[in-house]
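Everything on this sheet refers to the single structure shown next.
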Amino acid sequence: MLSRIVTLAAIALCAAPVGASPKVNMDCVEDIGAPGNCVPMVGCVGREGDYFTGRAIGWNKGTLDGQTRSGAMCSGGWEINEFTGQGHAAFECDNGTAGVATMTYQDMQTGTATGRGYTTDGDLLEIWSGHNIRRFLKDRDGSVEGNLTCGDVVVPVS
């Protein structure tokens with residue numbers, strides 16, 4: 001799904017202290033084209049304000065790990081076709097939630113991608129990954145480069 005989305009590859013979601021909401025860590029080290037390439041990742045789960053943050057590791061395919069706002073730890077994998085810019089990501093969380101999303105590159109050079117899909121519970125997933133995430137976030141009024149909101153919750157992007 002994210003073959004070139006190294007940034008989505010191993011979304012080793014940033015761990016947050018218990019009781020604190022995880023925030024997107026934009027300090028992930030980019031190594032374009034390398035299997036160790038790392039990019040930040042964030043996504044909304046459903047419409048009630050739950051979200052996840054983390055990092056994707058890899059290039060064209062890889063792993064992802066992260067944490068939801070409610071504290072569940074999640075992991076999975078992704079793959080993307082570097083020629084078409086289309087791919088998919090799948091994950092499972094320790095609270096039983098699982099999901100799949102279709103991803104599309106927005107900026108292949110930075111591995112920035114966006115995606116949509118569903119959890120096994122039928123909740124909508126919206127995902128952003130890469131070092132250029134902010135450029136593709138949209139505020140409720142449609143302006144770009146805004147803050148990400150999941151439901152009524154503003155996701156902290158560092």
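The values are calculated or read from the model by the stated rules, or taken from the named source; none is laboratory data. From a predicted model like this one, the values you see are computed outputs, not experimental measurements. Virtual Cβ from ideal backbone geometry, glycine too; neighbours counted across all protein chains shown.
Considering only region 39-53, state which residues are within 16 Å of Val154 (Cα to Cα) and crowded, with 18+ Cβ neighbours inside 10 Å.
Keep residues of region 39-53 that are within 16 Å of Val154 (Cα to Cα), which gives 41-53.
Passing the criteria: Met41, Val42, Gly43, Cys44, Val45, Gly46, Asp50, Tyr51, Phe52, Thr53.
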Fill in the blank from the handout: Counting only residues that are touching a Lys or Arg at 6+ places or on another chain (Cβ under 6 Å) and part of a strand (DSSP E or B), region 73-91 contains a total of 2
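Go through region 109-119 and report how many residues are surrounded by fewer than 16 Cβ atoms within 10 Å (Cβ to Cβ) and touching a residue at least 24 places away in the same chain (Cβ under 8 Å). Working first, answer last.
First, the residues of region 109-119 that are surrounded by fewer than 16 Cβ atoms within 10 Å (Cβ to Cβ): 109, 116, 118.
Remaining after also requiring touching a residue at least 24 places away in the same chain (Cβ under 8 Å): 109.
Summing the residues that are surrounded by fewer than 16 Cβ atoms within 10 Å (Cβ to Cβ) and touching a residue at least 24 places away in the same chain (Cβ under 8 Å) in region 109-119 gives 1.
Take region 105-158 and flag every residue that is of a type in the set (A, V, I, L, M), within 22 Å of Arg69 (Cβ to Cβ) and either at pLDDT below 85 or assigned to a loop (DSSP other than H, G, I, E, B) (or both). Break it down into steps so the answer makes sense when it comes.
First, pick out the residues of region 105-158 that are of a type in the set (A, V, I, L, M): 108, 113, 124-125, 127, 133, 137, 144, 148, 153-155, 157.
So of that shortlist, the ones also within 22 Å of Arg69 (Cβ to Cβ) come out as 113, 124-125, 127, 133, 137, 148, 153-155, 157.
Scanning region 105-158 gives Ile133, Leu137, Leu148, Val153, Val154, Val155, Val157.
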Exercise for the section: Look through region 80-94, keep the residues that are under 13 Å from Gly66 (Cβ atoms) and not hydrophobic (A, V, I, L, M, F, W, C), and return whichever of them is surrounded by the fewest Cβ atoms within 10 Å (Cβ to Cβ). Expected result: Asp94
